[in-house]
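The values are calculated or read from the model by the stated rules, or taken from the named source; none is laboratory data. Note that the structure is predicted; figures quoted are calculated from it, not measured. Please note: Cβ atoms are built from the backbone with ideal geometry, for glycine as well, and neighbour counts cover all protein chains shown. Ligands, DNA and RNA are excluded from the accessible area calculation, which covers all protein heavy atoms including side chains. Shrake-Rupley method; radii C 1.70, N 1.55, O 1.52, S 1.80 Å.
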Amino acid sequence: NKITASVMDVDTGTLASGTVTTTQVKDGTNVQITESNGADPLRVRFTFTNVTSFSGFLFFGRYQGSASHEVHIEIYNNTLTAWETIWEVISETANRWYTGVLFNSADYISSGNVVLRFYHVSNGVNTHNLYVDYFALVGW
């Protein structure tokens with residue numbers, strides 16, 4: 001059971017290529033988001049709709065930047081009204097799989113919606129990029 005995102009919002013950074021539908025199939029075609037210079041350089045939200053339950057996520061892609069930069073995968077916890085870091089994406093030159101297990105999915109579902117985001121913690125450099133080939137919630 002896999003649920004792909006139906007909405008992608010680039011809050012900070014620049015969408016260089018692709019759309020949310022690009023992330024719905026693992027096919028070697030990436031969404032590319034270029035981070036901005038300075039503070040809060042990259043924030044990209046993915047909204048998954050019609051979710052009743054899930055137990056984890058799958059991400060195939062990469063962050064290509066500096067090894068000292070931190071890009072987190074975060075999920076919005078509606079119970080705590082706060083973002084929770086569930087994974088850190090490290091700088092790579094090729095796409096790789098990231099998987100994570102989440103418990104108590106009810107904490108993250110609001111009116112059938114679940115929101116995950118990529119968040120760049122440190123200052124950015126506008127030659128660094130996030131690549132997303134595939135992103136999904138899963139029920140194992």
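Would you mind finding the one in Trp83, Trp97 that is surrounded by fewer than 15 Cβ atoms within 10 Å (Cβ to Cβ) and not acidic (Asp, Glu)? Reasoning before the result, please.
Details: Trp83 fails: surrounded by fewer than 15 Cβ atoms within 10 Å (Cβ to Cβ).
The unique qualifying residue is Trp97.
Restricting to region 27-86, count the residues that are without any contact (Cβ under 8 Å) to a residue 40 or more places away in the chain and over 22 Å from Asn126 (Cα atoms). Reasoning before the result, please.
Within region 27-86, the subset without any contact (Cβ under 8 Å) to a residue 40 or more places away in the chain is 67, 77-86.
This time we only want the ones that are over 22 Å from Asn126 (Cα atoms), so: 77-86.
Counting residues in region 27-86 that are without any contact (Cβ under 8 Å) to a residue 40 or more places away in the chain and over 22 Å from Asn126 (Cα atoms) gives 10.
Say whether the condition of being at pLDDT 95 or above, among the hydroxyl-bearing types (Ser, Thr, Tyr), surrounded by fewer than 16 Cβ atoms within 10 Å (Cβ to Cβ) and touching a helix residue (DSSP H, G or I) at 6+ places or on another chain (Cβ under 7 Å) is met by at least one residue in region 1-8. Before the answer, list the steps.
Step one: of region 1-8, the residues at pLDDT 95 or above are 2-8.
Going one step further and asking which of them are among the hydroxyl-bearing types (Ser, Thr, Tyr), we end up with 4, 6.
This time we only want the ones that are surrounded by fewer than 16 Cβ atoms within 10 Å (Cβ to Cβ), so: 6.
Those still in the list that are touching a helix residue (DSSP H, G or I) at 6+ places or on another chain (Cβ under 7 Å) too: 6.
Yes, region 1-8 contains a residue that is at pLDDT 95 or above, among the hydroxyl-bearing types (Ser, Thr, Tyr), surrounded by fewer than 16 Cβ atoms within 10 Å (Cβ to Cβ) and touching a helix residue (DSSP H, G or I) at 6+ places or on another chain (Cβ under 7 Å).
I'd like the residue in region 111-140 that is among the hydroxyl-bearing types (Ser, Thr, Tyr) and in a loop (DSSP other than H, G, I, E, B) and, out of all such residues, is most open to solvent (accessible area, probe 1.4 Å). Spell out how you get there, then give the answer.
First, pick out the residues of region 111-140 that are among the hydroxyl-bearing types (Ser, Thr, Tyr): 111, 119, 122, 127, 131, 134.
This time we only want the ones that are in a loop (DSSP other than H, G, I, E, B), so: 111, 122, 127.
Numbers: Ser111: 118, Ser122: 41, Thr127: 96 Å².
Looking at residues that are among the hydroxyl-bearing types (Ser, Thr, Tyr) and in a loop (DSSP other than H, G, I, E, B), I get Ser111.
Between a first residue in region 104-127 that is at positive phi and a second residue that is not hydroxyl-bearing (Ser, Thr, Tyr) and not in a helix (DSSP H, G or I), which pairs have beta carbons less than 7 Å apart while being 6 or more apart in sequence or on different chains?
From residues that are at positive phi, the pairs are Gly112/Asn50; Gly112/Val51.
Among the numbered criteria (1) part of a strand (DSSP E or B); (2) open to solvent by 60 Å² or more (accessible area, probe 1.4 Å); (3) not hydrophobic (A, V, I, L, M, F, W, C), which one does Asn50 miss?
Of everything listed in (1) part of a strand (DSSP E or B); (2) open to solvent by 60 Å² or more (accessible area, probe 1.4 Å); (3) not hydrophobic (A, V, I, L, M, F, W, C), Asn50 misses just condition (1).
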